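Shown next, in structure tokens, is the structure this report addresses.
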Amino acid sequence: MSNGRLRWRKFVSNFMLAMTGVCAFVSVLVLFFILGYLLFNGGTSINWDFFTKLPKPVGEAGGGMANAIVGSGKILLLASLMGVPIGFLGGVYLAEFSGKGMASVVRYAADLLNGVPSIVIGIFAYSLVVLPFKHFSAYAGAFALGMMMIPITLRSTEEFLKSVPRMLREGAMALGASRWKTIATVIVPAAYRGIMTAILLALARVAGETAPLLFTAFGNRFESHGWSQPTATLPVMIYTYAVSPYDDWHRQAWAAGLVLLALVLIINILARTILSRGIAVPRS
Amino acid sequence: MLITAALVWELWVNSALPRQKFGFHFFVTSVWDPIMDQFGALPFIYGTMVTSAVALFIAVPLGIGAAIFLAELAPPRISDTLQFFIDLLAAVPSVIYGLLGVFVVVPVMRTVIYPALNKPFGYLPIFKGPSYGVGFMTAGIVLAIMVIPYIISVSREVLLSVPRDQREAALALGSTRWESTWKVVVPFAKTGIMGSIFLALARALGETMAVTMVIGNTPKIAASLFAPGYTIAAVIANEFTEATGDLYLQSLIELGLVLFLLTFLLNGLARVLILVTTQKGSEAGG
């Protein structure tokens, strides 16, 4: 009797544990499914023209997304120029200078900002940048994406700076370096790898964002000159092409999806290897 | 930094003025008619809730199961490798999920899942009616795939922070491995796991692109999960650039405000819950 019960309990144990394994593998399989499907569908429709030509009018075959690729690059560049310094300096401030109460308020605000849905950030950028200029522009898109980069950069800069051992700090001070000099020449270089990783991850996250760009950078069928015009970006192009009724556009959406996914995953993997190779912060 | 957060808040308060015209009615009426300047947000709120509910219904068991496997069962090397892939999964942009949603999930819904559920359970209101492939169910499935990585990562952290003693004590009392996991470790980490679910819910509520692409974009309240619907984030994405007239625009902005406050609350709650659990772990372990 008790033997049977024991066998039943062991069976339940093994069965449920096996089920959890199945759950884990199903979740990971999804990633490979996405990759495989995109490779299969995008790989067949990607070619040189895709990178070099402008979109063709509806009905004509061929054409590419050169303008969207350039546009994405422009907006990401501008967004990093805006988001990275603010996030980085904010992180330095939090880790080195601020008092406790202030720090926890800023930290909490950054975490909340990080959790704000991207579309709401889009509305914010729209009313701040688009409305006054009465113009969709690369600036507005970059503003929205930059805002999303700030909290990520800020929090991780702070984390990594804080994990720099005290000895290094005290050593520099003992040699007579000023506070600023200590930070600039000793502490930041020591945490360099970690901060680079954080910036790359932030970049990868915003590179795929679509929602805030819909009504800030808007999109454009042509090359956009300068920074103050509506600008095409890869994610928005994927969206418009995917919901369009044309087969040729669908194929291009797949190709663009493949390029975007490859970009994001490569940046991610790169960032993680930077972090894992060597130790990010010298241990004392 | 503080300024950014304050600005977001300030702006929202200033720009959401249809409250004056519709007041509380904004949330309980279901007419959305830009031409007549009638705006009621109920269909969008309903749609957002239903899709998120479907998503959590699928994602929670799967995510927690996977987290238990990673934290309790798998050897560290396998666990870390799988976690690496799951982190990558979390990094996939949402348009890509939408793309796959449109071209893979929608046809599968229409040809496989809908007939399979409609035949035996068609008399239930939630499975009634024709299916176009797009709708609450489809959006829910896509959302589930998107939030699973978050649930797994956070739950795994929380489970790993449960002190060893708890586990060893349970095993020493003669429980099987599953019993020690399910009756000791999981209850210990319960609040933290709840936190991860709230975090996932906040993501699901605010997710825009993938949902916009598969929800069907119809501002209606339908009992059937196969009917097309609309969510808050999707209506903002679709109609914001076309909004003519201040009232129209500001109604959309008010929807944005609702969304913001909702995710704000959920995120705060999630953070507190996760913090409580990890602290409990370090106290008991220390």
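A full extension of the chain between A:Leu270 and A:Leu175 corresponds to an added length of 30.6 nm, given 0.36 nm per residue minus the alpha carbon distance. Peptide A:237-246 shows a mean partner chain C-beta count of 4 within 10 Å per residue C-beta. Each residue of segment A:245-262 was assigned a 3J(HN,Hα) from its phi angle through the Karplus expression (A = 6.51, B = -1.76, C = 1.60, θ = phi - 60°), giving x, 9, 4, 4, 5, 4, 4, 5, 4, 4, 4, 4, x, 4, 4, 5, 4, 4 Hz with x at Gly and Pro.
A Förster distance of 25 Å, applied to the separation of the beta-carbon atoms of A:Glu159 and B:Ile78, puts the FRET efficiency at 0.40. Neighbour counts of C-beta atoms inside 10 Å place A:Tyr108, A:Tyr93, A:Tyr239, A:Tyr139 in the sequence A:Tyr108, A:Tyr93, A:Tyr139, A:Tyr239, starting with the fewest. Across segment A:119-175, counting alpha-carbon atoms alone, Rg and Dmax equal 18.9, 56 Å.
Taken residue by residue and averaged, Cβ atoms of other chains lying within 10 Å of the Cβ of B:96-107 number 6.
Relative to the Cα centre, the charge distribution of segment B:127-208, modelled as +1 at Lys and Arg Cβ and -1 at Asp and Glu Cβ, gives a dipole magnitude of about 120 debye. With a threshold of 26 Å on the Cα-Cα distance, the over-threshold entries among A:Lys10/B:Lys183; A:Lys10/B:Lys190; A:Lys74/A:Lys162 are A:Lys74/A:Lys162.
Between A:Ser104 and A:Leu39, residue separation times 0.36 nm minus the direct Cα-Cα distance comes to 18.9 nm.
Just so you know, all these numbers are worked out from the coordinates, no wet-lab data involved. In this text, all values refer to a predicted model and were calculated from it rather than measured experimentally. Every residue, glycine as well, gets a Cβ built from its backbone with ideal geometry; the counts of neighbours run over all protein chains shown.
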